[in-house]
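Undergrad: Let me give you the structure first, and then I'll get to my questions.
The values are calculated or read from the model by the stated rules, or taken from the named source; none is laboratory data. Keep in mind it's a predicted model, so treat the numbers as computed, not measured. Using ideal geometry, Cβ is built from the backbone for each residue, glycine included, and neighbour counts are taken over all protein chains shown.
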C-alpha cells in the first residue's frame, strides 16, 4: 500500500505540472484573465487526478511511455473538471461546496461558471490535438474521437441526463448500472483506452484494459455512493448525504450498504481478472483497483 | 444576386442533410432521446449556415472539394449553435426567443439547455475527427486544434467574457472591435482557414482567406448591431433593440448608424481586396461579402 501511495504521489505531481502548462496563457487581457482564473480555480482544487493516472498506467502496461500520453491525460482531467463545474450549477445539482471549497458559480458567478466549463471542455480538445508530438496523427485523431464519444450525449452527458430524469424515481439495479456506466464509467474506460491506443497497444490488450476500466468504474461509483451515505464530510470536502436528500437513486440507497459493498468488491475482482490477459507488469493497475474501494474521499 | 441566392440555397440544403446525419443516433434510450431532441431543436432552427458555407467556399477556391470538408463545416455549425444556446441562458443574456422560436431553456429547461450545449460542443469534435476519410490525418488534427483555439477562452468564449464584463460600460471603438473579433470573428475566420487547410491550400492562400475572414466577420458583426437597432423584429425572429436595453456596447450605439454603416462597407471592401491575392475563382466569396451587409436578418 505504501508503494502505491508513493506511485500516486509522483504521478500526481507530473500531472499537476502538465496541467499548469495547459493553463498557462501568454498576453492575457483583463477579461481573459478573469475566465482563466475561473478555469484554474477548478482545475487546481486538489483532485486525485485518477483519470490521468489511469491513462498513464495503461500506456505503461502497453509498453509505452507515460509522459508521451500526458496531453491526453490532461485532456481527460479537463473534461472531468468541466463536468463537475456544470454539475454543480444551480440548475443542476445546485452544490455550494466541492472538494472543501466554494463551487465555481459561488465564487465567479453563474455566467462565468458556465463559460469556464465550456472553455475547459474546449481546451481539452486543443491540448490533445496540440501537444502530441511523438504520436502518429491517426492515433491522436482516434483519441480525439474516443474522448468526444465518451464525454458526449451517448456517454458522460447521457448519464447526467439519466441522473436528472431519474430524480425521485426508483431505479432498478440495472438502470442504476446503466446510468453510472455512462456518467462515470465512460470517461474512466476511455482513460485506459486512450492510454493503450496512444502507446500502440495490441487490440486484445486494448480490450482487456477496457474491461478493466468498466469494472473499475463500477467499483469507483459504488464506493462514491457509499462514501456519500456514510463518509466523513470533512474528508469528502462536501456535504455528505446529499444524494439521499435530493432523492437520487444510488447503490447505497438501492441495495443497502452491505450489498453495495459486496458489489464493489466483486467489481474489483472483475477488474483484476481482466488484467490476466495482459503480459506486461500489471502490479500498479491491480493496486489501483484495490485502492479505489479503500479510499476515504 | 439571384445567382448567389441559388448558390446559398443549394449549399444550405447540402449542409442541412449533413447535419441530419450528424444528429442521427442509433439505439437511443429514452433519456438520450430527450437530450438529442434538445440538440436537434436548436440545430434545426433555420440558421443561415453561414460558417459551413464559408468553409466550403474556402475549400472550393483553394482547389479542393466542397463535400470533403462537410464534417468540418458541420462541426463549425455545431459549435455556433452551442454558443447560441448558452448565450441565451438566464444567467447570460436571458433571451426567450431566437430565430422566431422559444429558446432552448424555455422549451427543455435550464439544465437540459446547458447539457444540450455541452453535447453539441462535444459532438463537433467527434464529427470532425470521425468523418474526414479523405483528408490526411495531420491536416484534420490541425483543424481540430484550430477549431478549439478559435472557440476557446482566447477566442469565442473570451469574446463572450468581454461582452459580459462590458455591460453598462462604454467601450472604445478599439475595444468593441477586439470583443467582436473574438466573439464573432474568430469562428468566421477559422471557418475559412479550416476549409483552406483541409483542401491543401498554399500558405499564402490560407493567409489571404484569413484576412478575408477577419474583414468579413467585422462587416457581419456591424450589420448585426445595425439590424438589432433598426431591424424588423419579425424578420430577425427575436426582439430587436435588445442590445440597447441591456446597456450593451455595439457599433450602432458607439458610432451611430451612419458611421457604423460606412465602417461595414469599408470592411466589405477590405475583404474583397484580400481575395486579389488568390488565383482561383473568387466570385462566390466576393458575392458573399456583398451579401453580408445587405441581408435583412
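Undergrad: Just give me the residues in region A:15-32 being surrounded by 13 or more Cβ atoms within 10 Å (Cβ to Cβ) and either within 14 Å of chain B (Cβ to nearest Cβ) or in contact with a helix residue (DSSP H, G or I) (Cβ under 7 Å, 6 or more places away or on another chain) (or both), in sequence order.
TA: Within region A:15-32, A:15, A:18, A:19, A:22, A:23, A:25, A:28, A:29, A:31, A:32 qualify.
Undergrad: Go over the candidates A:161, A:205 one by one and state the one that is crowded, with 18+ Cβ neighbours inside 10 Å, in a helix (DSSP H, G or I) and in contact (Cβ under 8 Å) with a residue 40 or more places away in the chain. So that I can check it myself, show each step before the final result.
TA: Working: A:161 fails: in contact (Cβ under 8 Å) with a residue 40 or more places away in the chain.
Just one listed residue meets the conditions, A:205.
Undergrad: Count, please, the residues in region A:10-36 that happen to be within 16 Å of residue A:79 (Cα to Cα) and not in a helix (DSSP H, G or I).
TA: Of the residues in that region, 1 qualify.
Undergrad: Counting only residues that are more than 7 Å from chain B (Cβ to nearest Cβ) and at pLDDT below 95, which one in region A:105-133 is farthest from residue B:111 (Cα to Cα)? Let's see the steps before the verdict.
TA: Pass one, region A:105-133, residues more than 7 Å from chain B (Cβ to nearest Cβ): A:105-109, A:112-113, A:116-117, A:120, A:124, A:127-128, A:131-133.
Subsequent filtering for residues that are at pLDDT below 95 retains A:131-133.
Working: A:131: 33, A:132: 35, A:133: 38 Å.
My answer is A:133.
Undergrad: Follow-up question, since we're still on this one. Residues in region A:184-199: is at least one outside any helix (DSSP H, G or I) and more than 13 Å from the chain's Cα centre (by Cα)?
TA: So in region A:184-199, the residues outside any helix (DSSP H, G or I) come out as A:199.
Still in the list and also more than 13 Å from the chain's Cα centre (by Cα): A:199.
Yes, that holds for at least one residue.
Undergrad: Given the structure, is residue A:35 within 18 Å of residue A:220 (Cβ to Cβ) and in contact with a helix residue (DSSP H, G or I) (Cβ under 7 Å, 6 or more places away or on another chain)?
TA: Numbers: within 18 Å of residue A:220 (Cβ to Cβ): no; in contact with a helix residue (DSSP H, G or I) (Cβ under 7 Å, 6 or more places away or on another chain): yes.
Judged against the criteria, residue A:35 is not a match.
Undergrad: Of the numbered conditions (1) farther than 30 Å from residue A:92 by Cβ; (2) more than 7 Å from chain A (Cβ to nearest Cβ), residue B:159 satisfies every one except a single condition; which is it?
TA: Condition not satisfied by residue B:159: (1).
Undergrad: Do we find that residue A:149 is modelled with pLDDT of 95 or more, under 15 Å from the mean Cα position of the chain (by Cα), surrounded by 24 or more Cβ atoms within 10 Å (Cβ to Cβ) and assigned to a helix (DSSP H, G or I) in this structure?
TA: Details: modelled with pLDDT of 95 or more: yes; under 15 Å from the mean Cα position of the chain (by Cα): yes; surrounded by 24 or more Cβ atoms within 10 Å (Cβ to Cβ): no; assigned to a helix (DSSP H, G or I): yes.
Spelling it out, it is not the case that residue A:149 is modelled with pLDDT of 95 or more, under 15 Å from the mean Cα position of the chain (by Cα), surrounded by 24 or more Cβ atoms within 10 Å (Cβ to Cβ) and assigned to a helix (DSSP H, G or I).
Undergrad: In contact (Cβ under 8 Å) with a residue 60 or more places away in the chain, within 14 Å of chain B (Cβ to nearest Cβ) and not in a loop (DSSP other than H, G, I, E, B): which single residue out of A:41, A:7 fits that description? Break it down into steps so the answer makes sense when it comes.
TA: Working: A:7 fails: within 14 Å of chain B (Cβ to nearest Cβ).
Checking each option against the conditions leaves just A:41.
Undergrad: Further question on the same structure: Inside region B:91-104, can you point out the residues that are at the interface with chain A (Cβ under 8 Å from one of its Cβ atoms) and free of Cβ contacts under 8 Å to residues at least 60 places away in the same chain? Walk me through it before giving the result.
TA: Filtering region B:91-104 for residues at the interface with chain A (Cβ under 8 Å from one of its Cβ atoms) gives B:91-92.
Result: B:91, single match.
Undergrad: Checking the conditions here, which among B:201, B:215, B:196, B:229 is modelled with pLDDT of 95 or more, touching a helix residue (DSSP H, G or I) at 6+ places or on another chain (Cβ under 8 Å) and under 30 Å from residue B:258 (Cα atoms)? Before you say what the answer is, go through the steps one by one.
TA: Numbers: B:201 fails: under 30 Å from residue B:258 (Cα atoms); B:196 fails: under 30 Å from residue B:258 (Cα atoms); B:229 fails: modelled with pLDDT of 95 or more.
Sole residue among the options that is modelled with pLDDT of 95 or more, touching a helix residue (DSSP H, G or I) at 6+ places or on another chain (Cβ under 8 Å) and under 30 Å from residue B:258 (Cα atoms): B:215.
Undergrad: Looking at A:69, A:79, can you tell me which residue is in contact (Cβ under 8 Å) with a residue 12 or more places away in the chain, within 14 Å of chain B (Cβ to nearest Cβ), assigned to a helix (DSSP H, G or I) and within 23 Å of residue A:198 (Cα to Cα)? Can you show your working first?
TA: Numbers: A:69 fails: within 14 Å of chain B (Cβ to nearest Cβ).
The unique qualifying residue is A:79.
Undergrad: Now for a separate question. Being within 22 Å of residue A:190 (Cβ to Cβ) and out of contact with any helix residue (DSSP H, G or I) (no Cβ under 9 Å at 6 or more places or on another chain) is the requirement here; does residue A:9 meet it? First the steps, then the outcome.
TA: Details: within 22 Å of residue A:190 (Cβ to Cβ): no; out of contact with any helix residue (DSSP H, G or I) (no Cβ under 9 Å at 6 or more places or on another chain): yes.
No: the conditions fail for residue A:9.
Undergrad: If I go through region A:136-153 residue by residue, how many of them are at the interface with another protein chain (Cβ under 7 Å from one of its Cβ atoms) and touching a residue at least 24 places away in the same chain (Cβ under 8 Å)? Working first, answer last.
TA: Quick first cut of region A:136-153, residues at the interface with another protein chain (Cβ under 7 Å from one of its Cβ atoms) only: A:137-138, A:140-141, A:144-145, A:148-149, A:151-153.
Now restrict to residues that are touching a residue at least 24 places away in the same chain (Cβ under 8 Å): A:140, A:149, A:151.
Number of matching residues: 3.
Undergrad: Let me ask another. For region B:26-49, does any single residue satisfy the condition of being within 15 Å of the chain's Cα centre (by Cα), modelled with pLDDT of 95 or more and more than 24 Å from residue A:157 (Cα to Cα)? Show your work before the answer.
TA: Taking region B:26-49 first, the residues within 15 Å of the chain's Cα centre (by Cα) are B:42-49.
Those still in the list that are modelled with pLDDT of 95 or more too: B:42-45, B:49.
In the following step, the residues that additionally are more than 24 Å from residue A:157 (Cα to Cα) were identified as B:49.
Yes, region B:26-49 has at least one match.
Undergrad: Which condition number does residue B:127 fail, the rest of (1) surrounded by 18 or more Cβ atoms within 10 Å (Cβ to Cβ); (2) free of Cβ contacts under 8 Å to residues at least 24 places away in the same chain being met?
TA: Unmet for residue B:127, out of (1) surrounded by 18 or more Cβ atoms within 10 Å (Cβ to Cβ); (2) free of Cβ contacts under 8 Å to residues at least 24 places away in the same chain: (2).
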